[in-house]
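What follows is a set of notes on a single structure, which appears directly below.
The values are calculated or read from the model by the stated rules, or taken from the named source; none is laboratory data. Keep in mind it's a predicted model, so treat the numbers as computed, not measured. Neighbour counts run over all protein chains shown; Cβ positions are idealised from the backbone, glycine included. The protein model used for the area step is the full one, side chains on, heavy atoms only, and it has no ligands, DNA or RNA in it. Shrake-Rupley method; radii C 1.70, N 1.55, O 1.52, S 1.80 Å.
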Amino acid sequence: MDIFLQQIINGLVLGSIYALVALGYTMVYGILGLINFAHGEIVMIGAMISLAAIQAMTGFALPGPVIVLMGLLIAIPACMLLGYGIERVAYRPLRRAPRLAPLITAIGVSIVLQNIAMIIWGRQYIAFPPLLPEDTYTIAGASITLLQIFIFLLATAIMAGLIFLVQKTRLGRTMRATAQNPEVAGLMGVNVNNVISSTFIIGSALAAVAGLMVSAYYGLAHYYMGFLLGLKAFSAAVLGGIGNLGGAMLGGLLLGVIESLGAGYIGPLTGGVLGSHYQDVFAFFVLILVLIFRPSGLLGERTSERP
Amino acid sequence: MKLSGRLSLSLTAIILVLSGCKEPSLLKADEQLVKIGHAAPLTGTQAHIGKDNENGVRLAIEEANSAGITIGGKKIIFQLLSEDDQADPKNGTIVAHKLADAEINGMIGHLNSGTTIPASRVYHDAGIPQISPSATNPRYTQQGFKSAFRTMANDEQQGRLLGQFATKHLLAKRIAIIDDRTAYGQGLADEFEKSVKSNGGIIVAREFTTDKSTDFRAILTAIKGNQPDLLFFGGMDPQGGPLMRQVRSLGITAQFLSGDGLYTPEFIKLAGVSSEGAYSSLPGVPLEKMPNGLAFRDKYRAKYNRDIQLYAPFCYDAVNIMIEAMKRADSVKPEKYLPELVKTDYSGVTARIMFDERGDLKAGAITFYRVRNGKWEVAETLSSTPLQSSLTETQSDKKKPE
Amino acid sequence: MNDLLTHWRKFKREPYAVWLGFALIGFALVLLPFATDAAMGRSWVRILDHTLLYIMLALGLNIVVGFAGLLDLGYVAFFAVGAYLYALLASPQFGLHLPFWTLLPLGALVACMFGVLLGAPTLRLRGDYLAIVTLGFGEIIRIFLNNLNAPVNITNGPQGLNMIDPIMLGDFSFSRTQQILGITFSSVHNYYYLFLALTLLIIFISIRLENSRIGRAWVAIREDEVAAQAMGINTRNVKLLAFAMGASFGGVSGGLFAGFQGFVSPESFHLTESIMVLCMVVLGGMGHIPGVILGAVLLSVLPEALRYIGPLEEALFGRVIVDPSDLRLLILGLAMVLIMLLRPAGLWPSPVQRREFAHHDKS
């Protein structure tokens, strides 16, 4: 039982990271109908920048969490700027081009970001300095660290804040209007370009938070870290219903738990035929199954295809 | 096609300009040029290790040149032709063709097993003897190529000793294994598993990850349920570091053992304090214990103004073995000195080197290291000679883990 | 200038000019390996061989992406299927040594089946979903190839398959140096002519397909799926056909790769290869066969050209500032972005595509 509980905890923490990244995908997709392939890379850049800032500050006699917080405060505006820039340079000129065009630039941007990061920060894995408390609690035989609890709570809080923003604020209303029909929203006096830019900026800020969280949790950062994370987060967003904020959270948590339980129990369940080497396959299988049987995801509404 | 032609023409021009300066000036009548090929990833992730290999080869060649060797009545001038294979099998064969075209007399390389194996066919077809200083995949020498040798213990030998070490020296009974599903990690883990079983150990779990993963909690939790005394990881330090960290954070107290992939300062940096007490192995005898090890280290440092990374001593030995064989055969022709290469018995800086019928080392030694106070320290050295595993105990060995 | 152009256009249409052009190109292609060998060494002939394999792959992907407008990010999976099929049936792994002439069509067929397998459930997805699903499919295939060594050893896992039989036609072994009419053909030359023949066949099929009913149906779907359906095109079947055709080209290329290299391992079939092939298609000109060939040639030669940047940097700045191999993917990514922004129809676009993109810009 303690093993099972431990797997659930593992899955929920992993899932909240997926969820946080999935929010970024889902917001952009909801408004533009575009898979922002580069989102995973923005997470990576966020991790790299905050880590570089943290490393520069470790010389000062500040308490660990303060240094980490300051690293985050540097990474967030940097990522916002990056997200804004990507949208302006790579996506906006192609808004009316054939569907294939922005997808291909998105892949291109993602490759470019990865390789620039590699040239700047090298190919080595960068270690996250031990600045955060590593207290471990034991619940019914399963262990959970302070950082894990914090990650879970932070992801939930951010999601709640985001739902408030979209449902209750003026910006949120314009976002929803743009998502439904950009032309009509424009006619109603919504500055569509500004709304799209703000979506990218908010998504990128979340990416920075996610980046720092991932690198603190695993104790490292690497130029390639955003790619697989981005793919899985995207799968989570599709699972929950892309374009739906609550869906992203649900999808993320579910995918995390599926992966943990899958990797932990697939060996015994299949009598050793399959094993944990198929861990990365689960996300893709879930994605394919959802897309075939319920393309709108768990919480998504059935919408007609937009041209 | 036209464009590629033009491009290639301009490229030839560049090559001619660049290689012009490397070509040794005109040879005298009593001199002969002997080309030694070398290939390793000189760019990319493993560039630092590839460069280290190249430096080892270059040091040996320059020493031979300044010593003035006469073979077949002619003074021999050795020339190094070094190529970048980018650790990519496809590039490995392209580079191999390039070197075979240049009619090299012998080949030192490649660094990775993945490039060495497909390239060995090219060298074999061209009749060029090849010594790999660092490819450890057993298959390299199992293809039946008489031209293929290596100066390092292969994964079979390393895995066997790792298994012996785990069961006989660390006294582990219940053993869990994780590998990263790369040719290296999986190969080593398989050999380790065999060895553990033949030494009476029990494999309680066999789990897998990838060489890009950072989250190992799911498989570690599953392993925890099996209560192992020892956890073995076949893989490299980028995964080993966070893995080690998560092992301890999940409250798994088993001992930790791995192969040469974790024997790096990077592992300790990534794992932090969790790395204390972890074991890893490295083929060969520790440099301080090698017959001429310290002398070699000083020479290397004086020449390149940096420390040896990993395999340079094995490259250095490989070149010298080749030159010795040429001397004994009194010929630099591959077909003439190849039979002598087989009969090698050479005391190099890494060990006394003899080849078996396949081209593998006859008695490859493996040294075990342990993290203590944030540094790798020698624990003990095992020799792969079966039956009489001559144990070289060291001082640090007395302090067994609590 | 304009005058010259119109003259040229008129001349181009003359039948004898067309045949003359073909003859010249054919002559050049036959002589190319010997000229390359003499000028730049045998390793460049090997690069030519690889280039031909990439041309086949790019032409296969072009059917899916260029003609039918379906973004496939897992194309390398079909290359892998072809390569592994050849490797499994012509190596000591199972002790099977089937002849090349059965393996090649078999490779095409099995890859084709995989194409249908992937296409059938996913083709009703919209473009961007399809891209992600195909990407996932590519990874799944690679993960399975990497792991199918236990409990039953099929693919030999990460160790890869070695000692694959070289390609043989009857008693003629392509991997041996052969004497024909007093001319010495080394292994890379033999393979060059074999690959060239198959590349020409694939080009021929591509051209015939492009101008056929099916080809026009693909273009119709690419332009407007709803309209195409309204015109009575069975979009599902026609799209499936695109997947199957593209996949079979990949399978052929994969089988040739396995026989040529003599060694396959899962690391040769990473996502970056899919992206590389996609970039060839995009760079050259989606849907335009000569453009795609140009893209494949350019990007196959790129890594070789980059080798000379290192020494160049050293000569200019005294040290290597940026590792040349690090630049390869950066250039690829930049090329994809810039092409889409500035020249969406590719470096050498087809007249139709150019018109179409121009039209989109105006709307």
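Hey, could you check region C:288-335 for residues that are over 23 Å from B:Asp88 (Cα atoms) and under 17 Å from the mean Cα position of the chain (by Cα) and say which is surrounded by the fewest Cβ atoms within 10 Å (Cβ to Cβ)?
Step by step, filter region C:288-335, then rank; the result is C:Pro290.
Could you say which residue among C:Leu196, C:Leu271 is within 26 Å of C:Arg343 (Cα to Cα) and within 15 Å of the chain's Cα centre (by Cα)?
Step by step, each of C:Leu196, C:Leu271 is checked, and only C:Leu271 is within 26 Å of C:Arg343 (Cα to Cα) and within 15 Å of the chain's Cα centre (by Cα).
Does C:Arg208 fit the bill of being in a helix (DSSP H, G or I), of a type in the set (Lys, Arg) and within 14 Å of chain A (Cβ to nearest Cβ)?
So C:Arg208 fails the test.
Here is a list of conditions, (1) of a type in the set (A, V, I, L, M, F, W, C); (2) at pLDDT below 90; (3) under 14 Å from the mean Cα position of the chain (by Cα), and B:Val122 meets all of them except one; can you say which number that is?
It fails just one condition, (3).
Could you give every pair whose Cβ atoms fall below 6 Å, whose first residue belongs to region B:206-217 and is within 7 Å of another protein chain (Cβ to nearest Cβ), and whose second residue is among the polar types (S, T, N, Q) and part of a helix (DSSP H, G or I), counting only separations of at least 6 or pairs across chains?
B:Glu207/A:Ser276; B:Phe208/A:Ser276; B:Arg217/A:Asn10; B:Arg217/B:Gln246
Does B:Val196 meet the test of being open to solvent by less than 20 Å² (accessible area, probe 1.4 Å), farther than 27 Å from A:Ile17 by Cβ and β-branched (Val, Ile, Thr)?
Judged against the criteria, B:Val196 is a match.
Answer with yes or no whether C:Arg46 is over 26 Å from C:Gly250 (Cα atoms) and either under 20 Å from the mean Cα position of the chain (by Cα) or open to solvent by 70 Å² or more (accessible area, probe 1.4 Å) (or both).
no
Would you mind stating whether A:Pro93 is open to solvent by 20 Å² or more (accessible area, probe 1.4 Å), assigned to a loop (DSSP other than H, G, I, E, B) and either touching a residue at least 40 places away in the same chain (Cβ under 8 Å) or under 30 Å from C:Asp224 (Cβ atoms) (or both)?
Criteria not met by A:Pro93.
Please work out if B:Ile71 is at the interface with another protein chain (Cβ under 9 Å from one of its Cβ atoms) and at pLDDT 85 or above.
For B:Ile71, the condition - at the interface with another protein chain (Cβ under 9 Å from one of its Cβ atoms) and at pLDDT 85 or above - is not met.
Mind checking which residues of region B:227-237 are open to solvent by 10 Å² or more (accessible area, probe 1.4 Å) and either at the interface with chain A (Cβ under 7 Å from one of its Cβ atoms) or modelled with pLDDT of 90 or more (or both)?
Within region B:227-237, B:Gln227, B:Pro228, B:Asp229 meet the criteria.
Identify all residues within region B:282-300 that are in contact with a Leu (Cβ under 9 Å, 6 or more places away or on another chain) and either of a type outside the set (A, V, I, L, M) or on the phi > 0 side of the Ramachandran plot (or both); write none if there are none.
Within region B:282-300, B:Pro283, B:Glu288, B:Gly293, B:Phe296, B:Arg297, B:Lys299, B:Tyr300 qualify.
Suppose we keep only residues that are touching a helix residue (DSSP H, G or I) at 6+ places or on another chain (Cβ under 7 Å) and exposed (fewer than 15 other Cβ atoms within 10 Å of the Cβ) within region A:113-133. Which one would you say is nearest to the other protein chains (Cβ to nearest Cβ)?
Out of the qualifying residues, it is A:Pro130.
Looking only at region B:163-205, which residues are outside any strand (DSSP E or B), among the β-branched types (Val, Ile, Thr) and within 11 Å of another protein chain (Cβ to nearest Cβ)?
Of everything in region B:163-205, just one residue is outside any strand (DSSP E or B), among the β-branched types (Val, Ile, Thr) and within 11 Å of another protein chain (Cβ to nearest Cβ), namely B:Thr182.
List the residue pairs whose Cβ atoms are under 8 Å apart, where the first residue sits in region C:336-350 and is on the phi > 0 side of the Ramachandran plot, the second is open to solvent by less than 10 Å² (accessible area, probe 1.4 Å) and among the β-branched types (Val, Ile, Thr), and the two are 6 or more positions apart or on different chains.
C:Gly346/C:Val282
Restricting to region A:145-186, what's the tally of residues that are touching a strand residue (DSSP E or B) at 6+ places or on another chain (Cβ under 6 Å) and part of a helix (DSSP H, G or I)?
Count: 0.
Please state which one of B:Ala126, B:Ala172, B:Ala135, B:Ala166 is under 21 Å from C:Gln159 (Cβ atoms) and aliphatic (A, V, I, L, M).
B:Ala135
Within the group C:Leu88, C:Leu125, which residue is on the phi < 0 side of the Ramachandran plot and modelled with pLDDT of 85 or more?
Of C:Leu88, C:Leu125, the one residue that is on the phi < 0 side of the Ramachandran plot and modelled with pLDDT of 85 or more is C:Leu88.
Is it the case, given these coordinates, that A:Ile67 is at pLDDT below 95 and surrounded by fewer than 24 Cβ atoms within 10 Å (Cβ to Cβ)?
Spelling it out, A:Ile67 is indeed at pLDDT below 95 and surrounded by fewer than 24 Cβ atoms within 10 Å (Cβ to Cβ).
Checking C:Pro344 against (1) surrounded by 20 or more Cβ atoms within 10 Å (Cβ to Cβ); (2) farther than 26 Å from C:Arg46 by Cα; (3) more than 13 Å from chain A (Cβ to nearest Cβ), which test does it fail?
Going through the list (1) surrounded by 20 or more Cβ atoms within 10 Å (Cβ to Cβ); (2) farther than 26 Å from C:Arg46 by Cα; (3) more than 13 Å from chain A (Cβ to nearest Cβ), C:Pro344 breaks only (3).
Quick check: is even one residue across region C:4-26 touching a Lys or Arg at 6+ places or on another chain (Cβ under 8 Å), open to solvent by 20 Å² or more (accessible area, probe 1.4 Å) and within 11 Å of chain B (Cβ to nearest Cβ)?
Within region C:4-26, not a single residue is touching a Lys or Arg at 6+ places or on another chain (Cβ under 8 Å), open to solvent by 20 Å² or more (accessible area, probe 1.4 Å) and within 11 Å of chain B (Cβ to nearest Cβ).
For the structure I just gave you, tell me whether A:Ala101 is part of a helix (DSSP H, G or I), at pLDDT below 90 and away from chain C (no Cβ under 14 Å).
The answer is no for A:Ala101.
Condition check: farther than 26 Å from C:Asp128 by Cα and open to solvent by less than 30 Å² (accessible area, probe 1.4 Å). Does C:Thr36 satisfy that?
Taking the combined requirement at face value, the residue satisfies it.
Scan (1) buried (at least 24 other Cβ atoms within 10 Å of the Cβ); (2) within 12 Å of chain B (Cβ to nearest Cβ) for the single condition A:Ile49 breaks and write down its number.
(2)
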